[in-house]
Amino acid sequence: MLDQLEAEFPEHAPRPSDAPKALDGIRVIDFSHFIAGPFATMILADMGAEVIKIEAPEKGDDLRRYPPLHPDLGHGAPFLWTNRNKRSVAIDLKSAEGLKVVRELIATADVVVENFSTGVMKRLGLDYDNCRRIKPDIIYCSVSAYGRDGAFADRLGFDPIAQVESGFVSMNGYADREGVRALSPVMDISTAMMASNAILGAVVARQPSGVGQAIEVSLFDTAVLMTGYATLQHLFSGADTQRHGNTSPDTCPSGVFQAQDRSFYINCGNDKIFQRLMAQVIGRADLASAEIYATGPERIRRRDELFAILGEAFAQQPWSYWQSRMRAAGVPCGQVRSVGEAIRSPEARERAIVTRIPHPAVGWVPNVSLPIRYSETPVADPVVAPAVGQHTEEVLREVLGYDDARLARLAEEGTLGARRQPASADKQA
């Protein structure tokens, strides 16, 4: 499959080699797995932080096995998507020696990130109180389902559970059927963004004070926020948000329409956009100035008749015709695309959102860039997600100064996984 795609996406254009990175000099010890935690640390890694991902030997992060798997990568597309620019260290946290190694790593770090079930890090002696004894100015971020304290701290949570319990699902879909979850892990992604922002804030706060802190970000809290202003609308009106499908309940006409050849969305967010749509796009200046359509609330009351007028007009011409007219008139619009169409679209190509980056086993893999463009500290060039424990010896030598004898002893004890000799020892033999 990848061979067929090579001509479709450009190679990644490297950043200037002499440009600094926003988080140069920041080291993150990453105990997180699945999506919310790893995506947060990947954002930090893209900004230039050194992220050391701690994984269980051999098995690694469970997300590695999420499909589709590539036979030569050792993991699937979801893991590739959320773990670039990291180094993987395989350590058995159930062993005393393994815990000793990670404590030494923490002593060199600026940030620790974890999203284990509540109580796991405390049992390992790696909770915030213990970590700040190791490194007094440590910034310690816990990503949890329902918080680390209180009556629900023991509950496990995944993205779909947060979607349904926050009310998010109740808002999406059509009124005549059950609400629909978003297939994209929107709560994991938004929680990751919250966590990375919180970490950045703590890094800034630590600069003048020298004081680290604990950070907590929960999936459920974030999911409630992701219902948007519906929460305050409910508190103002007392009514629960209703499902409106692809039609906006707040503006009109906003929704999906059908051209001759395909469907598209328009969003008339204010009166002036509506007037331009009617007068400049479909040639109905009489309706643009009609008193009965003068305000948003009046148009909402007459939504069905407005949609019928627009639907009849739009069916007369193909999408390309309407797109050019709406773009010229300043009417927000967009064609309804599949994911495949979106990443191959002129807009995505213009922004170089998907590129090809080198991979030692398969030649190259696709990469989806962060939507962040720095003028002075461009994000790091993407390096593919690591194999389990790929950088164990490299990190322990470089960061902790371990020699061959120490590495051989850890390998013999099974602390680094299956018993093996360090790479340099193999070469010497």
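The values are calculated or read from the model by the stated rules, or taken from the named source; none is laboratory data. Because the structure is predicted, anything quoted here is derived from the model rather than measured. Cβ placement follows ideal geometry from the backbone for every residue including glycine, while neighbour counts extend to all protein chains displayed. Accessible surface areas use protein heavy atoms only, side chains included; no ligands, DNA or RNA. Shrake-Rupley method; radii C 1.70, N 1.55, O 1.52, S 1.80 Å.
Structure values in brief
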quantity	calculated
Which listed residue is within 25 Å of Lys59 (Cα to Cα) and among the β-branched types (Val, Ile, Thr), from Ile106, Ile134, Ile161	Ile106
Filter result for Val368 (modelled with pLDDT of 95 or more, open to solvent by 40 Å² or more (accessible area, probe 1.4 Å) and β-branched (Val, Ile, Thr))	yes
One residue from Val143, Val89 being of a type in the set (Val, Ile, Thr), farther than 16 Å from Gly389 by Cβ and either open to solvent by 30 Å² or more (accessible area, probe 1.4 Å) or in contact with a Ser or Thr (Cβ under 9 Å, 6 or more places away or on another chain) (or both)	Val143
Answer from Val111, Val101 - the residue that is among the aliphatic types (A, V, I, L, M), within 26 Å of Ala380 (Cα to Cα) and surrounded by 22 or more Cβ atoms within 10 Å (Cβ to Cβ)	Val111
Whichever residue in the stretch 184-233 is in contact with a Leu (Cβ under 9 Å, 6 or more places away or on another chain) and closer than 30 Å to Arg133 by Cα and, among such residues, is surrounded by the fewest Cβ atoms within 10 Å (Cβ to Cβ)	Val203
Single unsatisfied condition, Ile106 versus (1) in contact (Cβ under 8 Å) with a residue 12 or more places away in the chain; (2) of a type in the set (A, V, I, L, M); (3) under 22 Å from Ala361 (Cα atoms)	(3)
Filter result for the condition that a residue is part of a strand (DSSP E or B), of a type in the set (Phe, Trp, Tyr) and either under 14 Å from Cys333 (Cβ atoms) or open to solvent by 50 Å² or more (accessible area, probe 1.4 Å) (or both), over Phe274, Phe236, Phe264	Phe264
Selection status of His70, open to solvent by less than 20 Å² (accessible area, probe 1.4 Å) and modelled with pLDDT under 95	no
Residues (open to solvent by 20 Å² or more (accessible area, probe 1.4 Å) and within 28 Å of Ala387 (Cβ to Cβ)) located in the stretch 341-358	Ile343, Ala352, Ile353, Arg356, Pro358
Complete set of residues in the stretch 1-60 that are of a type in the set (S, T, N, Q), assigned to a loop (DSSP other than H, G, I, E, B) and crowded, with 23+ Cβ neighbours inside 10 Å	Ser32
Tally of residues being under 17 Å from Thr392 (Cβ atoms) and part of a loop (DSSP other than H, G, I, E, B) across the stretch 61-86	4
Subset of the stretch 373-422 that is without any contact (Cβ under 8 Å) to a residue 60 or more places away in the chain, open to solvent by 30 Å² or more (accessible area, probe 1.4 Å) and small (Gly, Ala, Ser) - its residue that is farthest from Ile357 (Cα to Cα)	Ala405
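Here's the yes/no breakdown for (1) under 22 Å from Thr241 (Cβ atoms); (2) in contact with a Pro (Cβ under 9 Å, 6 or more places away or on another chain); (3) modelled with pLDDT of 95 or more:
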residue	(1), (2), (3)
Val112	no, no, yes
Ala153	no, no, yes
Ile161	yes, no, yes
Val180	yes, no, yes
Gly210	no, yes, yes
Gln213	no, no, yes
